[in-house]
Amino acid sequence: MLARSLSVAAVAAAIVLVQPGLAVAADDPNTTVTYTVTSGALSMSAPVSANLGSGAPGTTISGALGTVTVTDDRALLSASWTVTASETDFTNGASTIPATDAGYDPGSITTTGTITATGTPVTLSGTATPVVTGSAGVGDNTATWNPTVSVSVPPSAVGGNYTGTLTQSVA
């Protein structure tokens, strides 16, 4: 009986091996599949104006600038970027408070995607100075922060509304 079971199993195995469509033939077609991952640009958005409030001569006036966002849609394998900030002197008619009396503190930075963003508080001036750097990015990513701008008002400051221009750029 055992011999008969083994011969039935051998016949069944032989039938499976010769079954059409079960083996891979040498002439089976291959299809090459391609696609494109698109890439975009490196950009930044920031508020068009900010009011820091008011204060007396000899005090410090500070306030949040508003949300600043860097968007890196370049889809790079190794992305990095640097945001710089510079400030003009603050003027009120003939009165001036130097840009170097102002500071920029990025505060906390929120990111999406894969990027390491590091902020550096700085004293502002007419020279572009790094304030946030992004490194070790892969693919698309963003970084967002709400910097605090502060102005040390000199004791000799003349009362009135002072205006300066903060320029931030990313490269």
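Can you name every residue in region 76-101 that is in contact (Cβ under 8 Å) with a residue 60 or more places away in the chain and either closer than 30 Å to THR36 by Cβ or of a type in the set (Asp, Glu) (or both)?
Once the filter is applied, which keeps residues that are in contact (Cβ under 8 Å) with a residue 60 or more places away in the chain and either closer than 30 Å to THR36 by Cβ or of a type in the set (Asp, Glu) (or both), region 76-101 yields LEU76, LEU77, SER78, ALA79, TRP81, THR82, VAL83, GLU87, ASP89.
Answer with yes or no whether THR69 is modelled with pLDDT of 95 or more, more than 17 Å from the chain's Cα centre (by Cα) and not small (Gly, Ala, Ser).
So THR69 fails the test.
Based on this model, can you work out whether GLY66 counts as in contact (Cβ under 8 Å) with a residue 24 or more places away in the chain, at positive phi and open to solvent by 30 Å² or more (accessible area, probe 1.4 Å)?
When the stated conditions are applied, GLY66 does not pass them.
Return yes when THR36 is open to solvent by 60 Å² or more (accessible area, probe 1.4 Å), part of a loop (DSSP other than H, G, I, E, B) and modelled with pLDDT under 95 and no when it is not. Before you say what the answer is, go through the steps one by one.
On the way: open to solvent by 60 Å² or more (accessible area, probe 1.4 Å): yes; part of a loop (DSSP other than H, G, I, E, B): yes; modelled with pLDDT under 95: yes.
For THR36, the condition - open to solvent by 60 Å² or more (accessible area, probe 1.4 Å), part of a loop (DSSP other than H, G, I, E, B) and modelled with pLDDT under 95 - is met.
Condition (residue is open to solvent by 30 Å² or more (accessible area, probe 1.4 Å), at pLDDT below 95 and touching a Leu at 6+ places or on another chain (Cβ under 9 Å)) applied to region 40-59: is it met by at least one residue?
No, region 40-59 has no match at all.
The values are calculated or read from the model by the stated rules, or taken from the named source; none is laboratory data. Keep in mind the model is a prediction, meaning the values are calculated, not measured. Don't worry about glycine lacking a Cβ; one is built from the backbone with ideal geometry, like all the others, and counts go over all protein chains shown. These accessible areas exclude ligands, DNA and RNA; they are computed on the full protein's heavy atoms, side chains included. Shrake-Rupley method; radii C 1.70, N 1.55, O 1.52, S 1.80 Å.
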